[in-house]
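Following: one structure in structure tokens, then a few remarks.
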Amino acid sequence: MAENEAQKKPDVEEIGTVRIADDVVSAIIAYAAKEVEGVAGLAGNAGDGFLKKAGVKRPSMGVKVEMENGNVKADLSLTMDYGYNIPATCSKVQSRVKQAVESMTGLRVEDVNVRIAGIRMAADEEQQ
């Protein structure tokens, strides 16, 4: 698990180093994306689906993060609710993720790439 240093702020007294794990940034991204209206959830890969069925909870399922020199690049796979405008919702997700990561970690977000992996219909929700 790679870790990166948070960007240094001039108004913060330094008495050591702070490192933020990739998994922490992934979790922040996942929670921020789910806050956006129209996002049904994150869609993982086949391995994530197996882990979910096995009872392993990963809040960052469907999120891939690359961190280098205090910069973050994120790839998200989302499932959206039926009836929402995809480009507008994705733009809100990108903005919300960028704001959440930058305000909570001090890291700079370079890219937030969103892939729509599916649409959740109202009938799907009732069956679960």
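Would you point out the residue of region 81-106, among those that are more than 16 Å from residue 37 (Cα to Cα) and without any contact (Cβ under 8 Å) to a residue 24 or more places away in the chain, that is surrounded by the fewest Cβ atoms within 10 Å (Cβ to Cβ)?
103
So which residues in region 59-80 are of a type in the set (A, V, I, L, M, F, W, C) and open to solvent by 10 Å² or more (accessible area, probe 1.4 Å)?
Across region 59-80, the qualifying residues are 61, 63, 65, 67.
Give region 12-44 a look and list any residue that's in a helix (DSSP H, G or I) and buried (at least 18 other Cβ atoms within 10 Å of the Cβ), or say none.
The answer is 22, 25, 26, 28, 29, 30, 32, 33.
In this structure, does residue 68 turn out to be free of Cβ contacts under 8 Å to residues at least 12 places away in the same chain and over 19 Å from residue 37 (Cβ atoms)? First the steps, then the outcome.
Numbers: free of Cβ contacts under 8 Å to residues at least 12 places away in the same chain: no; over 19 Å from residue 37 (Cβ atoms): yes.
In short, no.
The values are calculated or read from the model by the stated rules, or taken from the named source; none is laboratory data. All of these numbers come straight from a predicted model, not from anything done at the bench. With ideal geometry, Cβ positions are generated from the backbone for all residues, glycine too; neighbour counts draw on all protein chains shown. What goes into the accessible areas is simple: the full protein's heavy atoms, side chains included, and nothing from ligands, DNA or RNA. Shrake-Rupley method; radii C 1.70, N 1.55, O 1.52, S 1.80 Å.
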